[in-house]
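The values are calculated or read from the model by the stated rules, or taken from the named source; none is laboratory data. Predicted model only: the values in this text are computed from it and were never measured. Quick reminder, even Gly has a Cβ in these numbers, built from the backbone with ideal geometry, and neighbours come from all protein chains shown.
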Amino acid sequence: MSENELTAGKEKKGKAYSLRAKWLRGLYQGDSAPPVVDRPQVKTMPAVEPKRTKTVTPIKITSPYIIKFTEDDAYLTEEYRKLKSAVLMVMQPHAKQNTLVVTSSESGEGKSLTAINLALVLAQESNRTVLLVDADLRRPSLHTYLGVKPGLGLADCIIDKVDLHDALVKTTVPRLNFLGSGKKTDTPAELLSSDRMKGLMQEIKSRYHDRIIIFDTPPALIFTDIRVLSQFADGILFVVKEGVSANSVRDALASLKGRPILGIVYNGASADQLNGRYHRYYKYYHRQ
């Protein structure tokens, strides 16, 4: 069949469709109804299975070192509420200030517990969603306090480009999510200072711009990791435990010169510095 014949056939069939439509609407003036024209078969698309969302079983936080918002730890909770208020004065989502780094000069000063308890208070009492990140790739500890088995985490997102959503862990605390340290690496300093890490930090800040993001990092005096992470921080909390050398604190703070340090959290206060009314909290402070 020639091209002209095909065109004529299409025009004839189109005219027949038009006449039939007019007759059905009562507008056709002919003596008899126009002939019925077979309509072309409509090809149906196969049903597309909806994308499954990630199913997460929330973890329950049971560590005795973490505040429970009960009468027994009322004093400690109130101290973290004060810290929360100070942090919220700086962490303003509309100004894209949502990233907080927690560090110390040496190991064992309580920076990790400070990060966890602050995250809990913020999530519970500020109506802000909080993302807690274990960025201590050398000696990660947050998963232990939270009762989480090691799995996908920060290192996997950097090395293997795992999507952040797939690595997040949901807790039973409303509005609190956790990103662990992830797989072990022999070169944590190189990994944290890599272009991939810088890109990931920018993605976290922009992707979760409506959240407060808290990073637990290695000690500032021992490792250089904090200097890299602090480049993206909107605020730094420096934890100092009673008894730590003043020179260590001074040197660590000097290494962060020019970074946005919000203040110092004094931790591990001895019993004689506590009001007698709160004497029973000594063991908690001491064990930190």
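For beta carbons closer than 7 Å, sequence separation of 6+ or different chains, a first residue in region 204-223 that is assigned by TED's automatic domain parsing to the domain that holds VAL130 and free of Cβ contacts under 8 Å to residues at least 40 places away in the same chain and a second that is of a type in the set (Asp, Glu) and surrounded by fewer than 23 Cβ atoms within 10 Å (Cβ to Cβ), there are no qualifying pairs. Just one residue in the set PRO140, PRO188 is touching an Asp or Glu at 6+ places or on another chain (Cβ under 8 Å), under 21 Å from THR103 (Cα atoms) and either modelled with pLDDT of 90 or more or not assigned by TED's automatic domain parsing to the domain that holds LEU120 (or both); that residue is PRO140.
Counting only helices (runs of 4 or more DSSP H) that sit wholly inside region 144-240, those with at least 1 residues that are more than 19 Å from GLY258 (Cα to Cα) are 154-159, 164-167, 188-192, 195-207. Applying the condition of being in a helix (DSSP H, G or I) and of a type in the set (Ser, Thr, Tyr) to region 76-121 and asking which residue is nearest to ASP225 (Cα to Cα) yields SER112.
For region 228-237, the criterion of a residue being over 23 Å from the mean Cα position of the chain (by Cα) and either crowded, with 19+ Cβ neighbours inside 10 Å or under 22 Å from THR99 (Cβ atoms) (or both) is satisfied by no position.
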